[in-house]
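Readers should treat all values here as calculations from the given coordinates under stated rules, not as data from a laboratory. As the structure is a prediction and not an experimental result, all values here were calculated from the model. Backbone-built Cβ (ideal geometry, glycine too); neighbour counts: all protein chains shown.
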Amino acid sequence: MKRTAPRLRLLVNVQAPDGVLLSTRGLARWLAATAPARAAGEVTVAVVSDRRMRALNRAFRGKDTPTDVLSFPTDPTDAQVDTAQPRLLGDIVIASGVARAQAAREGHSLTTELRVLALHGLLHLLGYDHETDAGEMARLEARLRRKGGLSTGLIARGARPGR
């Protein structure tokens, strides 16, 4: 009997500069397999320079510094013309230099850090907000990171003493 791979509900496109291509290998499949059941549609993950991330953070959040990850959900009022195509959930943008520094500080690979950041960004695309939701996003992130084999998540890191 021929085994087939399970059909994933989430279509993930990854775009990255040449320097991080090796670290992004498998990220799309991992994120699709780890995502919560309600994550159905299409997501783009873009790994960009810290300079580009700083410009995005300044333009959209008024903060003139690079951040690790930003999420840009698709406006739910935008009508999708072609219903045969997956629903567009939005874009996740990750700063390559910030991710590299955080990976070194955490003592794990850049691949692992990109997974941590992509998962966190996906949850924001799905409408979760750890700053206002009384722990709902933190609990879901913890469950999904265990499912995806991650020892730590972004929210758990921020809750550590001294952070």
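Descriptive notes on the structure:
- Amide hydrogen neighbours beyond the local backbone of TYR128, cut-off 5 Å, H modeled: none
- Packing-based exposure ordering (other Cβ within 10 Å, fewest first) of MET137, MET53: MET137, MET53
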